[in-house]
Amino acid sequence: MNLKQLDDKTLVFNLQNKVRLEPKTGLDIIEYIEEVFRRRLFSDYHCKSINAFCIKILGYSPAEAARKINACRLIQDIPEAKKMIGTGDINQTIASNFQSFINNENKYRTNPIAITEKKTILNELKGKSCNEAERLLAEKSQAPQKPTHETKKKIKNNRVSIHFTMDESEYEQLTEKMEEFGASSIEELFIKMRKALDTKKEIRKYSKKKPDNIKSRNVPAMVKRKVFARDKNKCVICGSKRNLELDHITPISVGGLTVESNLRITCKFCNTRNAIVFLGQNKMNRFINR
Ligand SMILES: [Zn+2]
């Protein structure tokens, strides 16, 4: 069945039924979730993200929701993975762990992990148990070991004691910064760096003054502040406080103005969903990235 041809309601109805009857390796559920994400349809259900949709509307646990979404990303990236999940060559947990591995490697490697390497690793994962797969991925990883959990404890006189470990070379670089900032301890360095950042932000804020133009897409800082305050710093559709954007209620492309009454706060996803409803999926596809 081509999911792209289903209407919004049928898509979600079918998906909910499939979740109820789900066998452990249900590949088509992942395909349905992928389609819900492509349409940003979770916004219609007042969900802040596809993750929230999986938990609230489909009833998954947070861990299961994360597994599904990771598996979804993997098959978008490597279509071969779809077949392998379908035939049971790799299970969804391994698919999900592999996607987390890719995300993590991409953060640390100079170049993103190449598609050929992804495919090679995917083939090596074939038929492995979860433990074996975990060991294999650990061997392939070039990312530094994860830092140990950071602990924080309140002590006397409104002070907190923080304990964490870090890479030795990072520590050396920090001690070099101590000299640059005239700090005599790491604590003093952090405080001075924080102050320097705040000053930099202030300078940027006041050096950007431009004349107001209500036909421009740029929203003057004053208007922006008013709209954010009016909408209480959250998405007016789903209530999310993350990835907030200023949305032109009547789009600029059809004559909407950059004035307070034509602006509202939405999250990135609700904004995209509106655009899909307003302009159509086909027009929006080129702006929708994963
Ligand atoms: Zn939203």
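Annotation note: trypsin sites (Lys or Arg not before Pro) in region 157-246 located in DSSP loop regions with a Cβ neighbour count of at most 15 within 10 Å are Lys208, Lys209, Lys215, Arg217, Lys232, Lys241, Arg242.
Full extension of the chain between Arg135 and Ile162 yields a length gain of 6.6 nm, computed as 0.36 nm times the residue separation minus the alpha carbon distance.
Let me check against my output: what whole-number percent is the relative contact order of the chain, with C-alpha pairs under 8 Å and at least 6 apart? For the chain, the relative contact order is 14 percent. For the listed residue pairs Lys9/Lys283; Lys195/Lys268; Lys119/Lys283; Lys4/Lys118; Lys18/Lys119, the alpha carbons are over 23 angstrom apart in Lys195/Lys268; Lys119/Lys283; Lys4/Lys118; Lys18/Lys119. Distance between the pseudo-spin-label points of Arg204 and Gln142 (7 Å out from Cα toward the beta carbon): 2.9 nm. The dipole here belongs to the chain: it is taken about the Cα centre, uses +1 on the Cβ of Lys and Arg and -1 on the Cβ of Asp and Glu, and is about 1480 debye.
Note: relative contact order over region 221-284, using C-alpha pairs below 8 Å and six or more positions apart, is 33 percent. All other residues whose Cβ lies under 12 angstrom from that of Glu170 are scored, Lys and Arg at +1 and Asp and Glu at -1, for a net of -3. When both region 122-137 and region 1-45 are represented by their alpha-carbon centers, they are found 28 Å apart. Exposed loop sites here are chymotrypsin sites (Phe, Trp or Tyr not before Pro) assigned a DSSP state other than H, G, I, E or B and surrounded by at most 11 other beta carbons within 10 Å; excluding them, the longest clear run of the chain is 1-163.
Candidates Asn123, Gln99, Thr151 compared by Cα position along the dipole of the chain: farthest toward the positive end lies Thr151, with charges placed on Cβ. The alpha carbon centroids of region 231-290 and region 161-188 are separated by 42 Å. Our compactness index for region 30-189, the C-alpha radius of gyration over the empirical 2.2 N^0.38 Å, is 1.38.
Over all orientations, the chain has a Cα convex hull whose mean projected area works out to 20.8 square nanometres.
Only the Cβ atoms of Lys and Arg (+1) and of Asp and Glu (-1) were treated as charged; on that basis the dipole of region 3-140 about its Cα centre amounts to roughly 200 debye. Taking 4.7 Å between C-beta atoms as the pairing limit, the chain has these partnerless cysteines: Cys47, Cys54, Cys72, Cys130, Cys238, Cys270.
With R₀ set to 35 Å, the beta-carbon distance separating Gln173 from Asn243 gives a calculated FRET efficiency near 0.65.
Each value in this text was obtained by applying a stated rule to the coordinates, not by laboratory testing. Computed from a predicted structure; not experimentally measured. Positions of Cβ are backbone-derived with ideal geometry, glycine not excepted, and every protein chain shown enters the neighbour counts.
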